[in-house]
Amino acid sequence: MSSAEYAHWVDSWLGKLVPSLKSTASVYICGDWRSSGAIQQVAEKYFKIRSRITWEREKGRGAKTNWKNNSEDIWFCTLSDQYHFDVEAVKLMRKVIAPYTNENGDPKDWERTEHGGYCLTHPSNIWTDLTVPFWSMSENTDHPTQKPEKLLAKIILASTRPGDFVFDPFLGSGTSAVVARKLGRHFLGIELDESYACLALKRLELAENNNSIQGYSGGVFRERNSLQDQPDSRSKSLLTNDTISLFDQSEQSK
Ligand SMILES: C[S@@+](CC[C@H](N)C(=O)[O-])C[C@H]1O[C@@H](n2cnc3c(N)ncnc32)[C@H](O)[C@@H]1O
């Protein structure tokens, strides 16, 4: 399919959705390098484009005559200048590279732990703390293009409040709905393939009793494979009540 044909196809369903959206809605559209240009072109027709997030999938086949295709773009758009964005809910806990201290030798905007210095950083539009769900991860299903729950958690926490509504017209194995349920949001999804819809229903059932999200705990996102080395939760000064209260602490250790 050419880029122009792809743009035409995106327009055929996106244009129909737009009238149903609230003026305060945020819209995220994902595609790889082949489709990203066409998505931008159609999104610009209907929305204000706020950013292009690129996330590293950390999986994919190596190519002999090309760069390994290892990333996807997510176009972040809004309908108007009035939209919700909670940056505090999506900060990333990272190891400090330059551990600045004040005149007393105390950490500046970071905290000392027995494993080194950590800080909560503003999330950028390059997401490298994710992987596609590997077979060994409990969220993994047979869906060939399943997104990680952590990715949807970033989007949903940044752009919705508890009780808001999340709609996914290409639901697949249900990741957006599952994360919406885990975070106390309402959701609706559409999926063409019955077997994928069944996977989504199964995951939604499991999510009723388990709201943990791999890579997100204590109200913060963490770099990959770093949980055991990181502080348990935000220090008091960095903690925000609304993000912490989304989860029962006992659930987070599951
Ligand atoms: C990229 S996948 C979505 C994966 C999903 N984000 C997840 O984490 O599992 C796109 C899904 O859209 C479905 N699909 C394709 N055309 C559709 C249509 N016209 N209506 C509803 N679903 C459709 C496909 O069956 C596929 O499962």
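Normalised radius of gyration (Cα atoms, divided by 2.2 N^0.38 Å) for region 1-83: 1.22. Of all the stretches in the chain, which is the longest one without any exposed loop site, taking chymotrypsin sites (Phe, Trp or Tyr not before Pro) in a DSSP loop (any state but H, G, I, E, B) with at most 15 other Cβ atoms within 10 Å? It works out to 171-254. One decimal place: the segment residue 41-residue 137 gains 31.0 nm when fully extended, by the rule 0.36 nm per residue minus the C-alpha distance. Modelled this way, with points 7 Å down the Cα-to-C-beta line, the labels at residue 87 and residue 126 are 1.8 nm from one another. Counting only whole DSSP H helices of the chain, there are none at least 18 Å long by C-alpha along their axis and with mean Kyte-Doolittle hydropathy no lower than 0.5. The helix-based estimate of mean residue ellipticity at 222 nm for the chain, built from -39,500 (n - 2.57) per DSSP H run of four or more residues and divided by its residue count, is -8000 deg cm²/dmol to the nearest 500. Taking a sphere under 13 Å around the Cβ of residue 30 and counting the other residues whose Cβ falls inside, with K and R at +1 and D and E at -1, yields a net charge of +1. Our summary of shape: the Cα atoms of region 72-112 have principal axis extents of 48, 26, 13 Å, ordered from largest down, in whole angstrom.
For region 157-220, GluC sites (Glu not before Pro) are listed when DSSP marks them as loop and at most 12 other Cβ atoms sit within 10 Å of their Cβ; the list is 208. Just so you know, the Cα atoms of the chain work out to an Rg and Dmax of 19.1, 63 Å. Under a 5 Å amide H cut-off, with hydrogens placed 1.01 Å from N, residue 27 pairs with 77, 78 among residues at least 5 apart or on other chains.
Using only the Cα atoms, work out Rg/Rh for region 130-214, with Rh taken as the Kirkwood radius, to two decimals. For region 130-214, the value is 0.92.
For the chain, relative contact order (Cα pairs under 8 Å, six or more residues apart, normalised by length) works out to 16 percent. Can you tell me which lysines have their Cα less than 23 Å from the Cα of residue 95? Leave out same-chain residues fewer than eight positions away. Result set, ordered by chain and number: 108, 150, 154, 236.
None of the figures in this text is laboratory data; all of them are computed from the coordinates on show. The model shown is predicted, which means the values in this text are computed figures rather than measured ones. No Cβ is skipped: glycine too gets one built from the backbone with ideal geometry, and neighbour counts run over all protein chains shown.
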